[in-house]
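Input: one structure, supplied below.
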Amino acid sequence: MENKEKLVKALYKYPVIVSKNISVYHAGAAGTDFFDADRLICDPESQKALLEETKAKIKLLQEKGMSFDKIAFLDKESGPVGTILLASTLSQHFQKKIIILRPWRKLKLDHIKVKGWIENVNEDPIKPNDTILLIDDVITTGATQKDAIDIVERHRAKVTGIICIFVRDTKAIENLKIEKKIEYFETIWDYDELVYRGLILAQPDKLLAEDFVKEFANRILSKRKVRQAEKKINARLDKMISSLLEEENISADENVKLGLKNLFFNDLLYFYGEKLVKNIKKQYER
């Protein structure tokens with residue numbers, strides 16, 4: 001739990017979730033939850049916390065009964081980024097060989113989609129009946145992970161478990177469990193937790209977000225009044241949050257305050273969305 005909290009502080013401190021927007025008028029806009037894990041991994045303190053949290057997740061899966069011979073990481077076409085940067089340390093800690101998978105569509109042959117230790121040039125890094133733990137940074141639709149599992153299965157081996165840093169849609173995990181028969185899965189964060197913590201704004205499939213916002217901004221209010229409303233809301237929130245933190249004797253920087261604003265907006269939209277529209281409309285359509 002201590003490492004998880006360190007990582008939460010890092011999410012507030014560093015721009016890990018890029019282009020996040022705290023404004024209610026843009027809730028659900030594309031890019032609000034782009035998760036850049038490299039910003040965690042490239043900082044020594046958060047990297048250590050992430051490493052320890054990943055170790056804990058692996059041990060948890062082992063306690064649940066998962067076994068594995070090798071650990072697989074996904075290589076990105078843009079270069080060696082993401083959880084692959086943790087590979088050597090995890091290999092040393094668990095004394096497991098590493099497999100690097102490249103599920104890139106432009107690579108047509110499986111033998112160039114897999115890298116790892118071999119005894120001679122005629123061997124494959126993945127041997128029949130190998131059991132493999134797959135570690136990745138972000139799962140969105142699960143398509144990339146499915147392609148990686150397909151490579152493993154074509155070598156007559158099996159992915160027994162998956163660990164990721166952030167999963168956007170738990171349906172992707174359920175689909176992988178059913179389709180690829182993955183029994184063991186752990187994630188450090190899922191979408192709902194980051195929304196709850198105020199680090200990302202909920203997307204249209206979770207709230208009334210995008211259509212409501214467009215109609216509200218484009219038809220109900222003029223652009224000038226939207227800006228006026230945004231300034232007033234931000235000013236009131238700043239004052240409210242600062243007063244609350246002062247009363248509770250809590251020290252917080254601007255990033256934490258932004259997170260609290262996010263949390264407030266998400267809760268407000270979720271529980272009072274329609275009522276909020278009516279109240280703001282009544283106040284600003286004069």
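The values are calculated or read from the model by the stated rules, or taken from the named source; none is laboratory data. This one's a predicted model, so the numbers in the text were calculated from it and none came from an experiment. Note that each Cβ is placed from the backbone with ideal geometry, even for glycine, and that neighbours are counted across all protein chains shown.
Name the residues in segment 61-86 that are in a strand (DSSP E or B) and surrounded by fewer than 13 Cβ atoms within 10 Å (Cβ to Cβ), would you?
Here is the first cut: in segment 61-86, the residues in a strand (DSSP E or B) are 70-74, 76, 79.
Correct list: Gly79 only.
Right, something else. Just to verify a result, which residue in segment 1-40, among those that are part of a strand (DSSP E or B) and aliphatic (A, V, I, L, M), is modelled with the highest pLDDT?
As a first pass, look at segment 1-40 and keep what is part of a strand (DSSP E or B): 17-18, 34-35.
Still in the running and aliphatic (A, V, I, L, M): 17-18.
On the way: Ile17: 78, Val18: 68.
Checking each candidate, the answer is Ile17.
Still on this structure: Among (1) within 20 Å of Ile151 (Cα to Cα); (2) surrounded by 21 or more Cβ atoms within 10 Å (Cβ to Cβ); (3) within 19 Å of the chain's Cα centre (by Cα), there is one condition Ile58 misses while meeting the rest; what is its number?
Single failed check for Ile58: (1).
Which ones in segment 173-199 are more than 22 Å from Ala56 (Cβ to Cβ) and within 13 Å of the chain's Cα centre (by Cα)?
Once the filter is applied, which keeps residues that are more than 22 Å from Ala56 (Cβ to Cβ) and within 13 Å of the chain's Cα centre (by Cα), segment 173-199 yields only Val195.
Does Ile126 fit the bill of being under 27 Å from Arg168 (Cα atoms) and of a type in the set (A, V, I, L, M)?
Numbers: under 27 Å from Arg168 (Cα atoms): no; of a type in the set (A, V, I, L, M): yes.
No: the conditions fail for Ile126.
Sort out for me the helices (runs of 4 or more DSSP H) sitting completely within segment 159-222 that have 1 or more residues that are modelled with pLDDT of 60 or more.
Numbers: elements: 170-179, 191-196, 209-215.
Those helices (runs of 4 or more DSSP H) span 170-179, 191-196.
How many residues, within segment 100-141, are in contact (Cβ under 8 Å) with a residue 40 or more places away in the chain and within 22 Å of Glu183 (Cβ to Cβ)?
The qualifying residues number 13.
Could you say whether any residue in segment 87-97 is within 21 Å of the chain's Cα centre (by Cα), modelled with pLDDT under 95, assigned by TED's automatic domain parsing to the domain that holds Cys164 and of a type in the set (S, T, N, Q)? Outline the logic, then answer.
If we filter segment 87-97 for residues that are within 21 Å of the chain's Cα centre (by Cα), which is where we start, we get 87, 90.
Restricting the remaining residues to those that are modelled with pLDDT under 95 gives 87.
Applying the additional criterion that residues be assigned by TED's automatic domain parsing to the domain that holds Cys164 yields 87.
Next, only the ones that are of a type in the set (S, T, N, Q) stay: none.
No: zero hits.
For segment 97-152, which residues satisfy the criterion of being surrounded by fewer than 16 Cβ atoms within 10 Å (Cβ to Cβ), of a type in the set (Val, Ile, Thr) and assigned to a helix (DSSP H, G or I)?
Result: Ile112, single match.
I'd like the full set of residues that are hydrophobic (A, V, I, L, M, F, W, C), at pLDDT 60 or above and closer than 23 Å to Ile17 by Cβ, limited to segment 241-286. Reasoning before the result, please.
Of the residues in segment 241-286, the ones hydrophobic (A, V, I, L, M, F, W, C) are 241, 244-245, 250, 252, 256, 258, 260, 263-265, 268-269, 271, 276-277, 280.
Then keep just the ones that are at pLDDT 60 or above; that gives 241, 244-245, 250, 252, 256, 258, 260, 263-265, 268, 276.
Of everything in segment 241-286, those that are hydrophobic (A, V, I, L, M, F, W, C), at pLDDT 60 or above and closer than 23 Å to Ile17 by Cβ turn out to be Ile241, Leu245, Ile250, Ala252, Val256, Leu258, Leu260, Leu263, Phe264, Phe265, Leu268.
Checking the conditions here, which among Ile163, Ile100, Ile71, Ile118 is over 25 Å from Leu40 (Cβ atoms) and β-branched (Val, Ile, Thr)?
Details: Ile163 fails: over 25 Å from Leu40 (Cβ atoms); Ile100 fails: over 25 Å from Leu40 (Cβ atoms); Ile71 fails: over 25 Å from Leu40 (Cβ atoms).
Among Ile163, Ile100, Ile71, Ile118, only Ile118 is over 25 Å from Leu40 (Cβ atoms) and β-branched (Val, Ile, Thr).
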